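*Asks:* After the structure tokens below, expect a handful of questions from me.
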Amino acid sequence: RRVELKLEENRMKEYQISAIAKEIGQDRLVGANMRHEHHVEGWRWRRKAEDQEREIRQEQALYQAARDRELRQKIAEDDERIAKELERRSKEKMREDKIVQRIREESEEIRTLEEKLRAAAMNKEREAQLIEQDARRQMEQERERLMETVMEQDR
């Protein structure tokens, strides 16, 4: 009977040792799971931060692209408005030039005045040429007179 008690006692000790080992294993597993969970939580937090940062960059890129589109559209509209205004002014100038040309051609008085202006301009040009010729002649005469004076002094 003693052997049986001893066997029973050994079985109880083995059972206790096994239970303690099982608890230690579970504690280790829980500790490892907690450390793993801590790492996983860190990874989750970093990933969430990266996702938020990526989302912010995407929103900024979309906002900038929208601003760029609006700016290009405004520039195109301004260019078109300027081109239309320049075309309008060009047409207006052509119309005014045609009116002036028609008035010149139709008005005898204007044609007479234009002829007088041309004649006056030609007369003025001729007069300037005559004055220039006279000035050259006087300069030539003065030069010749000086040369004669110098030659007489040399004799």
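The values are calculated or read from the model by the stated rules, or taken from the named source; none is laboratory data. Bear in mind that the values here come from a model prediction, so they are computed numbers and not experimental data. All accessible areas refer to the heavy atoms of the entire protein, side chains included, with ligands and DNA or RNA removed. Shrake-Rupley method; radii C 1.70, N 1.55, O 1.52, S 1.80 Å.
*Asks:* Looking at Lys74, Lys84 in this structure, which one is among the basic types (Lys, Arg) and over 20 Å from the mean Cα position of the chain (by Cα)?
*Replies:* Checking each option against the conditions leaves just Lys84.
*Asks:* Residues Glu96, Glu92, Glu77: which one is more than 30 Å from Arg111 (Cα to Cα) and among the acidic types (Asp, Glu)?
*Replies:* One residue alone meets the criteria, Glu77.
*Asks:* Tell me which residues, restricted to segment 87-126, are under 32 Å from the mean Cα position of the chain (by Cα) and open to solvent by less than 80 Å² (accessible area, probe 1.4 Å).
*Replies:* Across segment 87-126, the qualifying residue is only Ser90.
*Asks:* Taking Glu55, is it part of a helix (DSSP H, G or I) and open to solvent by less than 100 Å² (accessible area, probe 1.4 Å)?
*Replies:* no
*Asks:* Further question: Quick test for you: out of Lys74, Lys48, Lys22, pick the one residue that is open to solvent by 90 Å² or more (accessible area, probe 1.4 Å), among the charged types (D, E, K, R) and either at pLDDT 95 or above or not in a helix (DSSP H, G or I) (or both).
*Replies:* Residue meeting the stated conditions: Lys74.
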